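Here is the structure we will look at, set down as structure tokens.
The values are calculated or read from the model by the stated rules, or taken from the named source; none is laboratory data. Owing to the predicted nature of the structure, the values given are computational and were not obtained by experimental measurement. Here the Cβ positions follow ideal geometry from the backbone for every residue, glycine too, while neighbour counts run over all protein chains shown.
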Amino acid sequence: MRMRKKKNGEARIQALSRLLLESPAEIDNLRSEGRLPCRLEIGCGKGDFAVACSEKYKEQPYIAVELISDVALCAMEKADAAGCENIKFLISDAKKLTEYFQKGDVSHIYLNFSDPWPKSKHYKRRLTYRTFLEIYKSILTDDGVICFKTDNVGLFDFSLEEFEASGFELDQLTRDLHASEYNGDNIETEYERNFSAKGFPIHRVEARVKKAESTEQCCPPQAENAE
Ligand SMILES: C[S@@+](CC[C@H](N)C(=O)[O-])C[C@H]1O[C@@H](n2cnc3c(N)ncnc32)[C@H](O)[C@@H]1O
């Protein structure tokens, strides 16, 4: 995301440091207080979705991850203005998530309009590339879900293949979210508003880790003539 450098950006972030997730110990504390799993958004941009989604699910902690500090600042100032109490921002790269989170810490991962990295030589940078999916698997609850939406057909098709190859099952797949039955609960992002205003349909899918098929029988066979 391109953004003009913010004036006094670092000082403004520090002024809102209560909204920062600064160390893995904060997640450890939530875990030991029984307040996990949380919801996690990766690449929150300017924060419209993060503010609305954290408000909608007030009972759960919400962690918004953003790589670029000036972009995160914009989202933090929105969350501050909205009085959000359950949200924290992690200014970091998604590839570092396992420094903070353990298996079962996250119920939902939101990937909204992730950078498409269209050049084929950059495919490993896409946030739905299999190495990222393995990271997400290692922090999700057993029934946890990745909610992915994008306007970009190439990225969507690539992601469906990566989800399948990494053992996810797909649900609520649509290539035109706003015209679909799944739009009722939708929270729009900044990118979504811009792209749909230009006539691009929004693609969305939910991905859950496939449960290993049980080979055990639920009841032992009855022995005939058992006394
Ligand atoms: C195209 S923007 C979309 C912003 C927002 N989600 C929306 O839909 O309006 C993608 C955002 O993801 C962030 N991002 C890209 N790679 C990331 C990474 N590896 N870890 C965390 N954030 C990342 C970018 O800095 C950018 O703000």
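Some observations on this one:
- Single residue of I63, I42, I68 found to be at pLDDT 95 or above, among the β-branched types (V, I, T) and more than 22 Å from D143 (Cβ to Cβ): I68
- Segment 35-83 - residue that is without any contact (Cβ under 8 Å) to a residue 40 or more places away in the chain, basic (K, R) and over 15 Å from L16 (Cα atoms) and, of those, farthest from the ligand (Cβ to nearest atom): R35
- Leading residue by the ranking (nearest to I146 (Cα to Cα)) among those in segment 13-48 that are assigned to a helix (DSSP H, G or I) and touching a helix residue (DSSP H, G or I) at 6+ places or on another chain (Cβ under 8 Å): D48
- Counted residues, segment 69-114 - those being of a type in the set (D, E), part of a helix (DSSP H, G or I) and within 25 Å of F158 (Cβ to Cβ): 0
- Selection over segment 53-68 of residues that are outside any strand (DSSP E or B) and touching a helix residue (DSSP H, G or I) at 6+ places or on another chain (Cβ under 9 Å) gives a count of 5.
- Counting only residues that are under 20 Å from D80 (Cα atoms) and either touching a Ser or Thr at 6+ places or on another chain (Cβ under 9 Å) or touching a residue at least 40 places away in the same chain (Cβ under 8 Å) (or both), segment 6-31 holds 10 of them.
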